[in-house]
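Structure first, then comments.
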């Protein structure tokens, strides 16, 4: 199997990245996979949709497994619950072959990515109005 330039660049970037950048790369990979799953769902390509959702789930699982529950405290617990919820939504999207759970997983991961990017930049994440926040989970603050 031949790697293209993008794959080589991504591999180089991952090897040189600090931990916050690695998290950002994982979120972007999950979001890319969800976008691919949405495209494949619309096209009716069941196998490709399933592969894309499986890849997104593997990334979210890896994010969950990398949490440091001993030192992470409440943030770690909140992220673990949120990752579990996202995984359930991805499973639902695959089983029911529908887009709303994919869209919700995408929205949640995008919000988390935004927070991690702000942490990496040393900026506080914006506080969203209660009506804009998910009714299931409280907003997560990162103490970087």
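Would you check which residues across the range 29-52 are closer than 14 Å to residue 109 by Cα and surrounded by 15 or more Cβ atoms within 10 Å (Cβ to Cβ) and list them?
Kept after step one, since they are closer than 14 Å to residue 109 by Cα, are these residues of the range 29-52: 29-35.
Answer for the range 29-52, where residues must be closer than 14 Å to residue 109 by Cα and surrounded by 15 or more Cβ atoms within 10 Å (Cβ to Cβ): 29, 30, 31, 33, 34.
Please go through (1) under 16 Å from the mean Cα position of the chain (by Cα); (2) surrounded by fewer than 16 Cβ atoms within 10 Å (Cβ to Cβ); (3) under 18 Å from residue 22 (Cα atoms); (4) without any contact (Cβ under 8 Å) to a residue 24 or more places away in the chain for residue 88 and return the number of the only condition it doesn't satisfy.
Every condition holds for residue 88 apart from (3).
No lab work stands behind these numbers, since they all come straight from the coordinates. The shown structure was predicted, so the numbers you read here are calculated from the model rather than taken from an experiment. We place every Cβ from the backbone using ideal geometry, glycine too, and count neighbours over all the protein chains shown.
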